[in-house]
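Notes follow once the structure below has been shown.
The values are calculated or read from the model by the stated rules, or taken from the named source; none is laboratory data. Quantities reported herein were computed from a predicted structural model and do not represent experimental measurements. When we count neighbours, we look across all protein chains shown, and the Cβ atoms used for this are built from the backbone with ideal geometry, even at glycine.
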Amino acid sequence: MNNDRRDAKDRALDEARTDSEGPLTTETGVRVDDTDNSLTAGGRGPTLLEDFHAREKITHFDHERIPERVVHARGAAAYGSFRPYEGLSDLTAAHFLSGPDVVTPVFVRFSTVAGSRGSADTVRDVRGFAVKFYTEQGNYDLVGNNMPVFFIQDGIKFPDFVHAVKPEPHNEIPQAQSAHDTLWDFAGLQPETTHMMMWLMSDRAVPRSYRTMQGFGVHTFRFVNAQGRGTFVKFHWKPLLGTHSLVWDEAQRIQGKDPDFNRRDLWDSIERGQFPEWELGVQLVPEEDEHAFDFDLLDATKIIPEEEVPVRPVGRLTLNRNPDNFFAETEQVAFHTANVVPGIDFTNDPLLQARNFSYLDTQLLRLGGPNFQHIPVNRPVAPVDHNQRDGFSQHRVHRGRTAYYPNSVGGGCPALADEGVYRHYTEKVEGHKVRERAESFKDHYSQATLFYNSLASWEREHLVAAFRFELGKCEDVGVRRRMVANLVNVDAGLARAVAEGVGVEPPEEGSARNHGRSSPALSQARTTFGSVVGRQVALLVADGVDAASVEGLREPLARDGAVVELLAPADGTVRTSDGGELAVDRALPTVSSVLYDAVAVPDGADSVAVLSGDGLARHFVLEAYKHHKPVALVGAGAELGVAPPLPERAVTPAQRTREELGVVVAPEADGTCAAEFARLIGLHRVWDRPTGAIPA
Ligand code: HDD
């Protein structure tokens, strides 16, 4: 790596980095010249107990696995940096937010929630978005998700929720799927889940890429400035490439074609130098406005609508370095919501309070004791000095006679810090010791309705289809019925549409009615569009392809950052119509349309004739079309024998043009053709294209 990009964390990791340079040794450094044959009594005799090399090798192997995370087991991570746009010292004493000169190293882990370590990436699920800032004042962990609300209001319900969503305990089915009885049984009986269930059934649950999803701190936190003044704050991560999602049918197919789809995308884009970026935004609420909303700021099932409190952009996160070793770094990283730095404090959100207990507790088991902060990825770049000693896998060699405070024998060290210290916000708290849910937490539907009202028509269609899919997988009709009865409190039309799909009687009116309010910022139709950076574009080719047609598409798209690949019936090269050769990037049988964002069939009568006789090629185009992806057919490419033919016969006589359908049909791959194709790719998907009748 370029040396000027090396930050404090990167340099600190050098100490732990190990390159294999041989010769082979045991763990104690004794050289070994045979690791293929055990020590035996005679060539065919029994293995001897004294074979310390064999025993060490096998014993270590036997102990290679550690418990996977109880949730968020499946993940991928990268290093990078965070730089503020401006100083926020008026709001917070956090040094990493004090000005644009302060660049803080970070490690960010993305994850799914329910699946186990080896499960597929593109399941319908919440995605974790956990950021560890290695600040000069110590590590700060912002452990968020890609949805701004949560399933429950009090952490005491977390084990219940997780037991409901995880595979069912008797047969451990289904893996990484929310579509089963126990989750929906819980949801129907626990109305506080309703708002989050709406998010889970939305396109947010199937992100196209980690690079194209938002992140949220979820809870209301507190900024505290040097004078001790507090300000409520909600954190937002906004992807610079926009928030984009897969189609559910596509997401399911990717689970088979490339279970590492999101992980690979993150890795590859960093290797290509297309560094994923997010903008950090904050919503700020003065302390005196704590009760100014029609919901409780401490309730994690609620958002603050952006139209009420705008999101102020305050800095940029860039991921620019892949880890060296998955286990050492991505698996062993330990996030903890209570890892805070001066200037950032908690609130009394009961979900957050429980998290502040749970994360430390879980690392003790998962990482085998209290010294997990010694693991290289977890070590702060800030100096560490304390009187904590011993424990499993103690990595420090503490010198001196004292490990207590106060002491004189050790020269009084470590002395209490007198500046830059963490000071808890001085908040007056009083109340009776009770086990109850505050009245202000009891509206479970208004914001679920707000979310529904804010969606574009295609987003609503996806949401209804998702509810139908999920409840349709539930075998217990009572579970279906209860959930539909719950939805009627969100919107009667929604409940009816779901009821029709899952074969239960349409519900009566609910206790609540649609209030008609919306928060347009919640719709993905309002996200950033226009970039082709990192978009995977397939060009289907065979012998006889027109070289100019290929280059006319490939060259401008690649220049703008798209990843353009030539797919042919077989790997190697294809002959071009002018007698040249083009290298094939991948053979069609090894890939699938669901791994690409757009497809083009370049000109060349012979090439198109071959592709027309190739079921994989035809299916590729049809499937891409079904999943609303831009298609370009150049010259003879328009003759590809796809049934039903694209695109006119696929639509009603509403006189749509091919452009509206997201299909570019051009005689040649000139600038206009390439520009139109790029424009469509920048739109992500052609959502208005009707695809219900496509049999792919
Ligand atoms: Fe959690 C992991 C996010 C509620 C208990 N959580 C975990 C991770 C993320 C979140 C991103 C993965 C961290 C990593 O990559 O290692 N969790 C959230 C969000 C929540 C939330 C945004 C609600 C706003 N979590 C939550 C509650 C509890 C937990 C209420 C317990 C009372 N979460 C855990 C855990 C995990 C965890 C069991 C599993 C592995 C780990 O912590 O390190 O402690």
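Being among the polar types (S, T, N, Q), out of contact with any Cys (no Cβ under 6 Å at 6 or more places or on another chain) and in the same structural domain as Phe326 (by TED's automatic domain parsing) is a description that does not apply to Gln394.
The residue pairs whose first member lies in the range 492-505 and is within 15 Å of Gly188 (Cα to Cα) and in the same structural domain as Val464 (by TED's automatic domain parsing), whose second member is outside any helix (DSSP H, G or I) and hydrophobic (A, V, I, L, M, F, W, C), and whose beta carbons are closer than 6 Å, counting only pairs six or more residues apart or on different chains, are Ala495/Val488. For first residues located in the range 206-226 and within 12 Å of the ligand (Cβ to nearest atom), partners that are charged (D, E, K, R) and assigned to a loop (DSSP other than H, G, I, E, B) and lie 6+ apart or on another chain with Cβ distances below 6 Å form the pairs His219/Asp349.
Based on what the data block shows, is Thr243 hydroxyl-bearing (Ser, Thr, Tyr), within 16 Å of the ligand (Cβ to nearest atom) and in contact (Cβ under 8 Å) with a residue 60 or more places away in the chain?
no
Residue check: is Arg229 at pLDDT 95 or above, in contact with a strand residue (DSSP E or B) (Cβ under 7 Å, 6 or more places away or on another chain) and among the basic types (Lys, Arg)? No; evaluated as a whole, the condition is false for this residue. Of all residues in the range 249-293, those satisfying the criterion of being acidic (Asp, Glu) and part of a helix (DSSP H, G or I) are Asp249, Glu250, Asp265, Asp268, Glu271, Glu287, Glu288, Asp289.
Screening Phe335, Phe357 for residues that are near the ligand (Cβ under 10 Å from one of its atoms), of a type outside the set (Gly, Ala, Ser) and in a loop (DSSP other than H, G, I, E, B) leaves exactly one candidate, Phe335.
With Asp62, Asp36, Asp121 as the choices, which residue is among the acidic types (Asp, Glu) and in the same structural domain as Glu168 (by TED's automatic domain parsing)?
Values: Asp62 fails: in the same structural domain as Glu168 (by TED's automatic domain parsing); Asp36 fails: in the same structural domain as Glu168 (by TED's automatic domain parsing).
Selected residue: Asp121, the only one of Asp62, Asp36, Asp121 that is among the acidic types (Asp, Glu) and in the same structural domain as Glu168 (by TED's automatic domain parsing).
Does His627 count as crowded, with 22+ Cβ neighbours inside 10 Å and not aliphatic (A, V, I, L, M)? Yes; evaluated as a whole, the condition is true for this residue.
Number of residues in the range 364-379 that are under 16 Å from Asn325 (Cβ atoms), of a type in the set (D, E, K, R) and part of a helix (DSSP H, G or I): the value is 0.
Scanning the range 527-575 for residues that are within 19 Å of Ile681 (Cβ to Cβ) and touching a Pro at 6+ places or on another chain (Cβ under 7 Å) turns up Leu539, Val541, Ser549, Val550, Leu553. Looking across the range 342-380, the residues that are in contact with a helix residue (DSSP H, G or I) (Cβ under 7 Å, 6 or more places away or on another chain) and among the hydrophobic types (A, V, I, L, M, F, W, C) come down to Phe346, Leu351, Ala354, Phe372, Val377. Asn378 meets all of the listed conditions (1) surrounded by fewer than 17 Cβ atoms within 10 Å (Cβ to Cβ); (2) touching a Leu at 6+ places or on another chain (Cβ under 9 Å); (3) under 29 Å from Arg211 (Cβ atoms); (4) not β-branched (Val, Ile, Thr) but one, namely (1). On the basis of being at pLDDT 95 or above, assigned to a helix (DSSP H, G or I), within 13 Å of the ligand (Cβ to nearest atom) and not hydrophobic (A, V, I, L, M, F, W, C), does His195 make the cut? Criteria met by His195. Just one of the numbered conditions (1) closer than 28 Å to Thr92 by Cβ; (2) touching a His at 6+ places or on another chain (Cβ under 6 Å); (3) part of a loop (DSSP other than H, G, I, E, B) is not true of Gln447: (3). The residues of the range 569-598 that are acidic (Asp, Glu) and either over 16 Å from Lys629 (Cβ atoms) or assigned to a strand (DSSP E or B) (or both), listed by number, are Asp571, Asp578, Glu581, Asp585.
Conditions tested, residue by residue: (1) at pLDDT below 95; (2) surrounded by fewer than 20 Cβ atoms within 10 Å (Cβ to Cβ).
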| site | (1), (2) |
| --- | --- |
| Val601 | no, no |
| Asp614 | no, yes |
| Ala617 | no, no |
| Leu633 | yes, no |
| Glu639 | yes, yes |
| Pro645 | yes, yes |
| Gln655 | yes, yes |
| Leu661 | yes, no |
| Pro667 | yes, yes |
